[in-house]
1. Rank 40, 8 by accessible area, highest first, at a 1.4 Å probe radius?
2. With every protein chain in place, what's the accessible area of residue 113 (1.4 Å probe, Å², nearest 10)?
3. Largest first, how would 122, 133, 78 line up by accessible area (1.4 Å probe)?
4. Might you work out the accessible area of residue 88 for me, using a 1.4 Å probe with all protein chains in place, and round it to the nearest 10 Å²?
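The values are calculated or read from the model by the stated rules, or taken from the named source; none is laboratory data. None of these values were measured; they are calculated from a predicted model. What goes into the accessible areas is simple: the full protein's heavy atoms, side chains included, and nothing from ligands, DNA or RNA. Shrake-Rupley method; radii C 1.70, N 1.55, O 1.52, S 1.80 Å.
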Amino acid sequence: MTKKSKIHNLAELKAEIARLKILKNEQEAYLKSQVKLLNHKIETPVRIFNALKSNIPGANIITSLFASTKSSGGTNSDWVTKALRIGVPFVMNRFFFKKAGVLKKALLLLASEKALGQVNQDKISSIIEKVTDFIKPKKNKKKKVDVEKLPVVEDQVNEYGIPSYSETY
């Protein structure tokens, strides 16, 4: 089953190429408009969510905890650093500095934020690894064997057949 071509000369070929280019451009324009419409429909719930989120106090702290932006220290902070930056001042103010004044609490917040900026997930995991290496029992070392104290094994020669040392490989 062969398909007959409707192109018989060079002029018809050029006309067909031009027609296909126009068709391609029309389809691309249609698809671009459909993608733009779809993006607008998808962005509507996101805009509503962002508007609601901006009216909730404290929501920005939670979103900044999971955001992948650079911290004030200039390094890329991970979730451990962000959680510690929020949690440590809260714990310190709650348990250790209950009766401290606002100035002391603010200084504690600044100091802990600077100190915790240096802490990240890699440093914590390396410290945990060192502690577990210290806690784990050491492997028993094998005793060194003196060659002089080993019994001497003499070669046994077969009394029959071909001796084993005469085989070739």
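1. Working: 40 100, 8 150 Å².
Most to least solvent-accessible, the answer reads 8, 40.
2. 70
3. Values: 122 110, 133 80, 78 35 Å².
Result, largest first: 122, 133, 78.
4. Only protein atoms counted, so the area is about 40 Å².
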